[in-house]
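In what follows, a structure is listed as structure tokens, so that the remarks can point back to it.
Derivation of every value follows stated rules applied to the coordinates shown; laboratory data play no part. Source: prediction; values computed, not measured. Ideal geometry is used to build each Cβ from the backbone, glycine not excepted, and the neighbour counts take in all protein chains shown.
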Amino acid sequence: MANPTLEELTQDPNYWMQGFPPTKEQIVRFNDGSYYDWPKLRWSFSNIQQLVPTKSFSRGPESARELKHGPTLDLENTTVTTTFGETLTWQDALSSTCTDSIAVLHAGKLVHEAYFGASSPSKPHILQSANKSFVGTIAECLIDEGKLCEHAPVTELIPELAQSAWADATVRQVMDMQINMAFHEDYTDPKSEIWRFLRAMGMAPHKSGTTPESIADVLPNIQSGGVHGEVFAYREPNIFVLGWLVRRAGNKDLATQVSEKIWQNIGAERDGYYMLDDAGSETTCSTTLRDLLRFGELMRLQGKVGDKQVIPKRVIDSIFAGGDLAKFARGQTPIPKVPTLKNWSYRSQWWIRHLQDRICPVARGAHGQVLYIDPANELVIARFGSNKQSPSSALDHIMWPMVDLITERVLTVQG
């Protein structure tokens, strides 16, 4: 067999950062931005704690809850038909979407689990903005506790935003992504405002010779784009305004609240950890795939772990009710070669898929992070990825047919 070329070697996520020390060509760094270059990000998404400061959220002192195995779900001999009519083998679908790992729970039992490249069952992987569903769930808990009012103005808790896009916005409008702001969010455009925001988040290196900014420095300068509450408008800054609200209302940092309200209750195997901005505020987090499954199972079971109600039932009901379908449809911006999400809504930082006979909440993040919950079919799917393109919408033509194939196979094979 011929020796692999350098190009072939670099496609393997396990090529990077190998050796004692690695060669200069194999080194991945945060400060020069190479950690986010493809294909290096296929390694860095599973190893981000080696590159940047992080803050843990504890799993607590209790033993991990076992994920019991059920009958194996065989997907190897199946095919996926994309929404564009293309037929892919299961392996082609995994590789074309740069899947790092995928696992399926059915009726609480692990029926499928696969890891590729730099990922493994014990390695946390970056969630990107799928983390916002943790924040939205905690915000709903604080509303249930009377510590946060969904109809209150944002500035009641964050007066620092009095001259910003959120000056006349409510907490609920932030939670449901209905803020009209003058903010250009295009990951493919290096001049887009999202890149200043990513630098403030600690997810991209600061420009040389500039004073580092934190998220709290940037948010007050984002201006209104018009009337709020009329349409769904997905914008990353809302996630961090809600995080700010949650910290103020709960009077605790985000990592502590995630630990206390979620992570210590699901029987997690490992601590998760947050990346930090320049001021030490949590931005996005990393968890293992199995622990993300456990969170999904908690939500599927109406907030209960065994006989214990961990998340109040009113919180689950609020999220699972879904959002405004019409506002979501009006707010979608057509992207060439990308299918729109029909019959979807958005509620409390969860994407909500409305099917004919059921509603399925989804946590999703850039580069293909997915947590899919289908209570009616007792199904939870977790998936980590490191796709070359950042927007998750770039994978929708393959991702949702994959989810539907898993659902079909579970129902026909597992019974």
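Basic side chains Lys and Arg get +1 at the Cβ, acidic Asp and Glu get -1 at the Cβ, and with that the dipole of region 241-369 about its Cα centre reaches some 560 debye. For the chain, the membrane-span-like helix rule (DSSP H, alpha carbon extent of at least 15 Å along the helix axis, mean Kyte-Doolittle at least 0.0) picks out 132-144, 237-250; this says nothing about an actual membrane.
Net charge dipole, the chain: roughly 440 debye, given to the nearest 20, about the Cα centre with Cβ charges of +1 for Lys and Arg and -1 for Asp and Glu. Projecting the Cα atoms of F240, Y346, L148 onto the dipole axis of the chain, where Lys and Arg carry +1 and Asp and Glu carry -1 at the beta carbon, places L148 farthest toward the positive end. If you take the Cα centroid of region 351-415 and the Cα centroid of region 4-67, the two points sit 25 Å apart.
Report summary: the helix-based calculation at 222 nm, which adds -39500 (n - 2.57) for every DSSP H run with n ≥ 4 and divides by the residues of the chain, gives -7000 deg cm²/dmol. Remark on V305: its backbone amide H falls under 5 Å from those of V310, a criterion applied only to residues 5 or more positions apart or on other chains, H modelled at 1.01 Å from N. Think of region 96-414 as having a plus end and a minus end, set by charges on the Cβ of Lys, Arg, Asp and Glu; of P205, A376, G331, A376 sits farthest toward the positive end of this dipole.
With viscosity 1.567 mPa s and temperature 4 °C, the Kirkwood radius over alpha carbon pairs of region 226-322 converts through Stokes-Einstein to a diffusion coefficient of 85 µm²/s.
Once C-alpha pairs closer than 8 Å and six or more residues apart are averaged by separation and normalised to the residue number of the chain, the relative contact order reads 23 percent. When +1 charges are put on Lys and Arg Cβ atoms and -1 charges on Asp and Glu Cβ atoms, the dipole computed for region 220-264 relative to its Cα centre reaches about 140 debye. Of the trypsin sites (Lys or Arg not before Pro) in region 275-353, the ones in a loop by DSSP (not H, G, I, E or B) with at most 13 other beta carbons within 10 Å are K337, K342.
May I ask you to derive the relative contact order of region 119-226, considering only C-alpha pairs under 8 Å and at least 6 residues apart, and to give it as an integer percent? Can you show the working numbers first?
On the way: 103 pairs, mean separation 25.1, N = 108.
About 23 percent, as a whole number.
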